[in-house]
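Colleague: The following block contains the structure, expressed as structure tokens.
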């Protein structure tokens, strides 16, 4: 079975889980995600640019609904996988365009509009860049920062730091998936976080994996709640 290619019917499965986890979506259906073994813990993985187009579109729609009351005036999509959802969210919110930072420096870029960045899945440090030719779109506007997944929070923090270089603070962070709760200790409490769905951190048990106490989706973040 290929992951991320469709939604399964609603069902309850408390585990233990072996190599996959059925994450519950806002409409009650399930999206089966692979479990990534990190030793004593495991996490549910989601690679947005490998998902079926229909899956990405539905998740993008749920993300837009979760953020609709925030009054965002511009959407900024984090590279690489947050940019699967940023145009979908921007379109659903009625925006004519969106802003796309990147990992590569073009000849006309200014180092003042860049920050170091890393993530839990790509720990090697690199730089995140904003094209100075689109920086004016952010000035004095309510900016919604969009990414695919938050785990430890490191990549989202880099996105917020880049926006600060451009003179703005994000109105909120919008995600496809909130992965556990490790990010809560580092993410600024005054910036709301919204997500289409949430998954727990898993601990090893006989026969596989079970959600760690306190990190189950209902305890972490729901699609319509802010932090």
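Just so it is clear, none of the values below were taken in a lab; they were calculated from the coordinates. Fair warning: this is a prediction, and the values are worked out from it, not measured in the lab. Note: ideal-geometry Cβ built from the backbone for every residue, glycine included; neighbour counts use all protein chains shown.
Colleague: Looking only at 36, 141, 133, which one moves most when the chain is put into a Gaussian network model with springs between Cα atoms under 10 Å?
Modeller: The residue with the greatest mean-square fluctuation here is 133.
Colleague: Would you mind telling me the antiparallel percentage of the DSSP bridges in the range 52-198, rounded to 5? Mind showing how you got there, number by number?
Modeller: Values: 5 of 21 bridges.
Roughly 25 percent of the beta bridges in the range 52-198 run antiparallel, per DSSP.
Colleague: Taking the Cα of residue 127, stepping 7 Å toward and past its beta carbon, and measuring to each backbone N in the range 76-120: which are under 11 Å?
Modeller: Zone members listed by number: 104-107, 109-117.
Colleague: With a Förster radius of 22 Å, plug the Cβ-Cβ distance of residue 27 and residue 57 into 1/(1 + (r/R0)^6) and report the FRET value to the nearest 0.05. All intermediate terms of the calculation are to be shown ahead of the outcome.
Modeller: On the way: r = 14 Å, r/R0 = 0.62.
E(calc), rounded to 0.05, equals 0.95.
Colleague: Right, here's the next one. Using a cut-off of under 20 Å, list every residue of the range 141-162 whose amide N is near the label point 7 Å from the Cα of residue 184 along the Cα-to-beta-carbon line.
Modeller: The answer is 149-157.
Colleague: Below 8 Å between Cα atoms, with a sequence gap of 6+, how large is the relative contact order for the chain in percent?
Modeller: Numbers: 518 pairs, mean separation 46.9, N = 227.
Here the relative contact order equals 21 percent.
Colleague: Compute the length gained on full extension between residue 203 and residue 50: take 0.36 nm times their separation in residues and subtract their Cα-Cα distance, giving the result in nm to one decimal. Write out the running numbers ahead of the final one.
Modeller: On the way: separation 153, 0.36 × 153 = 55.08 nm, distance 2.64 nm.
Taking residue 203 through residue 50 to full extension adds about 52.4 nm, to one decimal.
Colleague: Report the extension gain between residue 212 and residue 107 in nm, rounded to one decimal, defined as 0.36 nm multiplied by the number of residues separating them, less their alpha carbon distance. All intermediate terms of the calculation are to be shown ahead of the outcome.
Modeller: On the way: separation 105, 0.36 × 105 = 37.80 nm, distance 4.70 nm.
Difference between extended and current length: 33.1 nm.
Colleague: Which value in deg cm²/dmol, rounded to the nearest 500, describes the helix-derived mean residue ellipticity at 222 nm for the chain, given -39,500 (n - 2.57) per DSSP H run of n ≥ 4 and division by the residue count?
Modeller: Result for the chain: -5500 deg cm²/dmol, rounded to the nearest 500.
Colleague: Another question, then. Which entry in (i) 18.5; (ii) 17.4; (iii) 17.8 matches Kirkwood radius over Cα pairs in Å derived from the coordinates of this structure?
Modeller: Among (i) 18.5; (ii) 17.4; (iii) 17.8, the one calculated here is (iii).
Colleague: Report, to the nearest 10°, how far helix 82-92 tilts away from the longest principal axis of the Cα atoms in the chain, using its own Cα long axis and a range of 0 to 90°.
Modeller: Relative to the chain, helix 82-92 is tipped by roughly 80 degrees.
Colleague: Taking Cα centroids, how far is the range 96-110 from the range 1-26 in Å?
Modeller: Cα centroid to Cα centroid, the span is 36 Å.
Colleague: Grab the Cα-Cα distance for residue 2 and residue 38, subtract it from 0.36 nm times how many residues apart they are, and report the gain in nm with one decimal. Don't skip to the end; give the middle numbers.
Modeller: On the way: separation 36, 0.36 × 36 = 12.96 nm, distance 2.15 nm.
That pair, residue 2 and residue 38, stretches by 10.8 nm at full extension.
Colleague: Sorted from fewest to most neighbouring beta carbons within 10 Å, what does the list 108, 183, 98, 103 look like? The partial results should precede the final answer.
Modeller: Working: 108 8, 183 25, 98 21, 103 12.
Arranged by neighbour count, lowest to highest, 108, 183, 98, 103 become 108, 103, 98, 183.
Colleague: Another question, then. With the cut-off at 1.5 for a/c, could you classify the range 93-175 from its C-alpha gyration tensor as rounded, prolate or oblate? All intermediate terms of the calculation are to be shown ahead of the outcome.
Modeller: On the way: a/c = 1.80, a/b = 1.13, b/c = 1.60.
Cα axes put the range 93-175 in the oblate bin.
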